[in-house]
Amino acid sequence: MHCSVYKGQGAPDHYLFLPGKDDFSGVPQSVLDRFGPLEHVMDLVLTPDRRLARIRPVTLMRTLLVQGCHVQLPPNDEPLRPDEGRVSEQG
């Protein structure tokens, strides 16, 4: 599965994972607002055995398919309240 990763000026050390490059259709507006202008960081090919630093790849793949995006928070960061656009749990 393809995955594109973005960061934004409004949320340092937060990353937005999408199932397609520049396809923000599955991202809640509140999340886009929180991130501010987005910068493409990298593309990944996700497989069940791929090693990722902060989430299990199967969890990320499922989240992208079901919710359309995944927000990765910095370590020890307070989670966003639901009304602030939290779209998935850390794995």
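The values are calculated or read from the model by the stated rules, or taken from the named source; none is laboratory data. Keep in mind that what you see is a predicted model, and the values were worked out from it rather than measured. Reconstructed Cβ throughout: ideal geometry from the backbone, glycine too, with neighbour counts over all protein chains shown.
Scanning the stretch 1-13 for residues that are under 23 Å from PRO75 (Cβ atoms) and either in contact with a helix residue (DSSP H, G or I) (Cβ under 7 Å, 6 or more places away or on another chain) or at pLDDT 95 or above (or both) yields a count of 8.
Give the residue that is surrounded by the fewest Cβ atoms within 10 Å (Cβ to Cβ), with candidates limited to residues of the stretch 1-42 that are assigned to a helix (DSSP H, G or I) and over 12 Å from the mean Cα position of the chain (by Cα). Show your work before the answer.
Our first condition is that a residue be assigned to a helix (DSSP H, G or I); within the stretch 1-42, this holds for 29-35.
When the remaining residues are screened for being over 12 Å from the mean Cα position of the chain (by Cα), the result is 29-30, 33-34.
Working: GLN29: 9, SER30: 15, ASP33: 13, ARG34: 18.
Restricting to residues being assigned to a helix (DSSP H, G or I) and over 12 Å from the mean Cα position of the chain (by Cα), the top hit is GLN29.
The C-beta contact set for the stretch 62-91 (first residue within 15 Å of MET1 (Cβ to Cβ), second residue modelled with pLDDT under 50 and surrounded by 15 or more Cβ atoms within 10 Å (Cβ to Cβ), distance under 7 angstrom, 6+ apart or interchain) comprises THR63/SER88; GLN67/VAL87; GLN67/SER88; CYS69/VAL87; HIS70/VAL87; HIS70/SER88. For the stretch 35-71, the set of residues classified as acidic (Asp, Glu) and farther than 15 Å from HIS14 by Cβ consists of ASP43, ASP49, listed by residue number. Within the stretch 43-72, the set of residues being surrounded by fewer than 12 Cβ atoms within 10 Å (Cβ to Cβ) and part of a loop (DSSP other than H, G, I, E, B) comprises THR47, PRO48, ASP49, ARG51, ALA53. If the condition is being in contact with a Phe, Trp or Tyr (Cβ under 9 Å, 6 or more places away or on another chain) and touching a residue at least 40 places away in the same chain (Cβ under 8 Å), then the stretch 5-23 contributes HIS14, TYR15, LEU16, PHE17, LEU18.
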